[in-house]
Amino acid sequence: MERRLAREDWLRAARLALLRGGVEAVRPEKIARDLQVTKGSFYWHFRNREDLLEALLHEWETELEELLTELGPETGEAGLRVLLDRVAARVRRSERGEVPSDAAIFTWASVSPKVARRVNRAEQARIDLLARWSGNPELAELLYLIWLGFVTRGQRVPGLRRRFPEIAEAMIRLLAAQDAGPGGTNDPGAGRKS
């Protein structure tokens, strides 16, 4: 008798398929082969492939809400430090298919205008959050662009992902230097904990 997989088993496999092979790899037949089951159990959890794809995109869109729940009331440098710690953990978890991958979603958005519109809205919410925390919309945009560069380059150079804590610390120093204001320090070590 074949084992019946839970919805989360199918989502995890679909997240990995999206990350490793793009949206075309997210097919019930292929995922069933990867899971070594027939595709019958897929239909217990999803109506069709489009339903699965919608579930993948929706969970990525709502990730910010989950992250905010985890973060608590911190803002500024302390809030950014907590946020980047959570993001670093999510990067590791996304590589195992446990949570959505920004890299996979961004790649999908690059080939689908419909997905791109939804991703753009979700990204704007992320940038707005950073702007509230930093008090500086331009800095928020810059921090987000740094994140996008990290995600994009991390796809081509997977070893870079191990350096995220260093990159996150540089982002925090950038925020701390901005907080110091016009009379603040230009010391590259500013904001660094001893």
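The values are calculated or read from the model by the stated rules, or taken from the named source; none is laboratory data. This structure is a prediction, so every number in the text was calculated from the model and none was measured. Quick reminder, even Gly has a Cβ in these numbers, built from the backbone with ideal geometry, and neighbours come from all protein chains shown. Calculation scope for accessible area: heavy atoms of the full protein, side chains included, ligands and nucleic acids excluded. Shrake-Rupley method; radii C 1.70, N 1.55, O 1.52, S 1.80 Å.
Answer with a single label: of (i) -0.61, -0.73; (ii) -0.48, -0.65; (iii) -0.42, -0.61, which was calculated as log10 I(q)/I(0) by the Debye sum over Cα atoms at q = 0.10, 0.12 Å⁻¹ from the structure in view? Among (i) -0.61, -0.73; (ii) -0.48, -0.65; (iii) -0.42, -0.61, the one derived from this structure is (ii).
Gain on full extension, evaluated as 0.36 nm per residue between residue 125 and residue 43 minus their Cα-Cα distance, stands at 26.2 nm.
Fully extending the segment from residue 85 to residue 163 would add 26.8 nm, taking 0.36 nm per residue of separation and subtracting the current Cα-Cα distance. Between residue 66 and residue 34, the simple spin-label model (points 7 angstrom out along Cα→Cβ) gives 1.7 nm.
Against the criterion of solvent-accessible heavy-atom surface with a 1.4 angstrom probe, 114, 30 sort, most first, into 114, 30. Distance between the pseudo-spin-label points of residue 92 and residue 75 (7 Å out from Cα toward the beta carbon): 3.0 nm. HN-Hα J couplings of region 57-66 from phi, Karplus 6.51/-1.76/1.60, θ = phi - 60°, integer Hz, Gly and Pro as x? Residue by residue, region 57-66 yields 5, 4, 5, 5, 4, 8, 4, 4, 4, 4 Hz. Accessible surface area normalised per residue over the chain is 56 Å², counting heavy atoms of protein chains with a 1.4 Å rolling probe.
For region 120-127, 3J(HN,Hα) computed residue by residue from phi via the Karplus equation (6.51, -1.76, 1.60; θ = phi - 60°) reads 4, 5, 5, 5, 4, 5, 5, 5 Hz, glycine and proline entered as x.
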